[in-house]
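Below is one structure; the comments refer to it alone.
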There are 2 protein chains.
Amino acid sequence: MESQFVDWLLARLPRDPRLEVPPGDDAAVLRPPAGRRTVVTVDLLTEGVDFLLGGDTTPARVGHKALAVNLSDLAAMGARPEAAVVAVALPREGAAALGKGIHAGLAPLAARFGMTIAGGDTNTWDGPLVISVTAIGSVPPGAAWRRDGARPGDLLVVTGPCGGSLLGRHLDVEPRCHEALAIAARFVVRAAIDISDGLSLDLARMMRASGTRGLVDLARVPIHPDAERRSRLADGVSPLEHALGDGEDFELLLALAEADARALVADPPAGIAPVIFGEVVAGTGLVARHADGSTHPLQPRGWLHDGA
Amino acid sequence: MESQFVDWLLARLPRDPRLEVPPGDDAAVLRPPAGRRTVVTVDLLTEGVDFLLGGDTTPARVGHKALAVNLSDLAAMGARPEAAVVAVALPREGAAALGKGIHAGLAPLAARFGMTIAGGDTNTWDGPLVISVTAIGSVPPGAAWRRDGARPGDLLVVTGPCGGSLLGRHLDVEPRCHEALAIAARFVVRAAIDISDGLSLDLARMMRASGTRGLVDLARVPIHPDAERRSRLADGVSPLEHALGDGEDFELLLALAEADARALVADPPAGIAPVIFGEVVAGTGLVARHADGSTHPLQPRGWLHDGA
């Protein structure tokens, strides 16, 4: 229903020559008057859906996450972070302490990525915590990584292992901004998306946008130790399924020409160990390929809480 | 407490050379790589605080308001609207219909002001409606209207009558963007702010930022018919008090040199009837001047729900 609503909405947003990448990608790219393009993205997090305050889930970790997921969107565009604005609705009780805690997690992350917090809007109300961050980045004209540029023959790369982020990692998102810029400096990235809702679901989005089919080598999907842990907790879901469907990994999923993909995994930027886990072929949807070469359709799975 | 938190927060935001106007003004101004400056502002509205859905308060009117208050912030910077991103948390029940209703109010306003909706984030949750709009505008270098530039001798101008917006007008905000640009083309505006929280409260903010005192001629404060209506409802508050303290008028409050102020009110842009209602003098705080010339300190009053 929501996805339908988003489609409905996207269909009604007028095209505008100032937008180099229109609504529906990881972020919109604005043609500024001159020089670099402006990249803008917004993510709104709500208590009860994106986090549950209490215990290990401190306001600082929530503040970190609220900015980090936006930085991840900028990374997925190959954009350099520039500025952010932060809007919050704080529960009246303890509002100031909560606000300070959020800032304590958000500000160091902003500083670490050379991002200035340019403003915000602080509200209190009788509801739970809501935090909305708008991030602005920049990118050279024509250089933004879109999700619709994958072509048959490209290889699929993911910048790290997936699955099990719910065990805590989803709060400590380490956005791949520096790595994205290092990759952009050396390679042509044909298509990119960050894994917010699930490796298979986000891959399906990239394939749909590109008009191509994703062929996933199941034996090569990098599985995070947290996915193994979740599986050992006897939840009836295999580590591979966790890796394909859990989401909130905030790794980058990239499509590159074969030579570029192989050069990237052979000599990656510091801090990541990217893996080739499949390829782009003609067709639609996703296909899983087993070690013996047999294939079957792969149903994309993941977290469908948000749109656009 | 909140105001303290905002002060605490502002004190901790690092200065950045990319910001021509730092946090704490109506909007932040970013120095883009070249050409015009980028102006960014965000406002988050929550059900129960900023509106109560039901009856005449349709989702479309809420969508209109959510964008309009941001456009008003751009107007208060003398900025030209360029783009907006919209993040919402929708109550699960009826989410799509509500989202569509919001869009129905928001999109025409965006179109009317030449603003492209560049993206967004749609979420559902078990809480009430939350809508956060980030607006981006542009302005020539050095031309943004700040709130800290008023000087003794300047006259205080308001672009329209105030008070009583709670009777319904607060939902149908008509942002003063075109009028602001028309004024910017003809005059040097020394300081500007939009009246979101109350004429006297927002004037006090301008005076505090400018290091000056505001002298308000009580007989010249333009009183909206809605303020008269609210007063007739026997609420014990005079129409003048409503005009000074109600807020959500979204008129512009400007400080201009005397000659400019007089030329503006003598020959205003189409659609507004600006009024000189006071002057800027040396000192701090606000002073009320009666028709007989006597003065007394004026306590700023208004809506203190949000910060920054």
Completion exercise
When A:Val265 is run through (1) β-branched (Val, Ile, Thr); (2) touching a strand residue (DSSP E or B) at 6+ places or on another chain (Cβ under 7 Å); (3) surrounded by 22 or more Cβ atoms within 10 Å (Cβ to Cβ), the failure sits at (3)
Exercise for the section: Might you let me know whether the stretch A:39-48 holds any residue that is surrounded by fewer than 17 Cβ atoms within 10 Å (Cβ to Cβ), modelled with pLDDT of 90 or more and not β-branched (Val, Ile, Thr)? Expected result: yes
Exercise for the section: Identify all residues within the stretch A:130-154 that are surrounded by fewer than 23 Cβ atoms within 10 Å (Cβ to Cβ) and of a type in the set (A, V, I, L, M, F, W, C); write none if there are none. Expected result: A:Ala143
Exercise for the section: Identify the residue in the stretch B:86-134 that is out of contact with any strand residue (DSSP E or B) (no Cβ under 6 Å at 6 or more places or on another chain) and of a type in the set (Lys, Arg) and, among all such residues, is modelled with the lowest pLDDT. Expected result: B:Lys100
Exercise for the section: Tell me, please, whether a residue that is closer than 15 Å to B:Arg220 by Cβ, of a type in the set (Lys, Arg) and part of a helix (DSSP H, G or I) can be found in the stretch B:281-291. Expected result: no
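Conditions (1) of a type in the set (A, V, I, L, M, F, W, C); (2) crowded, with 20+ Cβ neighbours inside 10 Å; (3) modelled with pLDDT of 95 or more, marked per residue:
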residue: A:Arg208; (1), (2), (3): no, no, no
residue: A:Leu233; (1), (2), (3): yes, no, no
residue: A:Ala257; (1), (2), (3): yes, no, yes
residue: A:Val280; (1), (2), (3): yes, yes, yes
Fill in the blank from the handout: For A:Asp306, the lone unmet condition from (1) farther than 22 Å from A:Asp197 by Cβ; (2) surrounded by 14 or more Cβ atoms within 10 Å (Cβ to Cβ); (3) modelled with pLDDT under 95 is (1)
Completion exercise
Restricting attention to the stretch A:211-264, the residues that are hydroxyl-bearing (Ser, Thr, Tyr) and either without any contact (Cβ under 8 Å) to a residue 60 or more places away in the chain or over 22 Å from A:Arg146 (Cα atoms) (or both) number exactly 2
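Pick from B:Leu264, B:Leu253: which is under 21 Å from the mean Cα position of the chain (by Cα), assigned to a helix (DSSP H, G or I) and modelled with pLDDT of 95 or more?
Residue meeting the stated conditions: B:Leu264.
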Completion exercise
Of the residues in the stretch A:171-218 that are over 17 Å from the mean Cα position of the chain (by Cα) and assigned to a helix (DSSP H, G or I), the one that is nearest to A:Val139 (Cα to Cα) is A:Ala185
Practice task
Kindly provide the set of residues from the stretch B:48-93 that are within 10 Å of another protein chain (Cβ to nearest Cβ) and closer than 16 Å to B:Asn123 by Cβ, ordered by number.
Solution key: B:Val85, B:Val86, B:Ala87, B:Val88, B:Ala89, B:Leu90, B:Arg92
Exercise for the section: Within the stretch A:288-302, track down each residue that is buried (at least 16 other Cβ atoms within 10 Å of the Cβ) and either hydroxyl-bearing (Ser, Thr, Tyr) or modelled with pLDDT of 95 or more (or both). Expected result: A:Ala288, A:Arg289, A:Leu298
Practice task
Can you tell me which residue within the stretch B:88-117, out of those that are more than 20 Å from the chain's Cα centre (by Cα) and among the basic types (Lys, Arg), is surrounded by the fewest Cβ atoms within 10 Å (Cβ to Cβ)?
Solution key: B:Arg92
Fill in the blank from the handout: Flagged in the stretch B:94-128 as in contact (Cβ under 8 Å) with a residue 60 or more places away in the chain and either hydroxyl-bearing (Ser, Thr, Tyr) or within 10 Å of chain A (Cβ to nearest Cβ) (or both), in numbering order, are B:Pro128
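The values are calculated or read from the model by the stated rules, or taken from the named source; none is laboratory data. Just so it is clear, the structure is predicted and the values come from calculations on it, not from any experiment. Quick reminder, even Gly has a Cβ in these numbers, built from the backbone with ideal geometry, and neighbours come from all protein chains shown.
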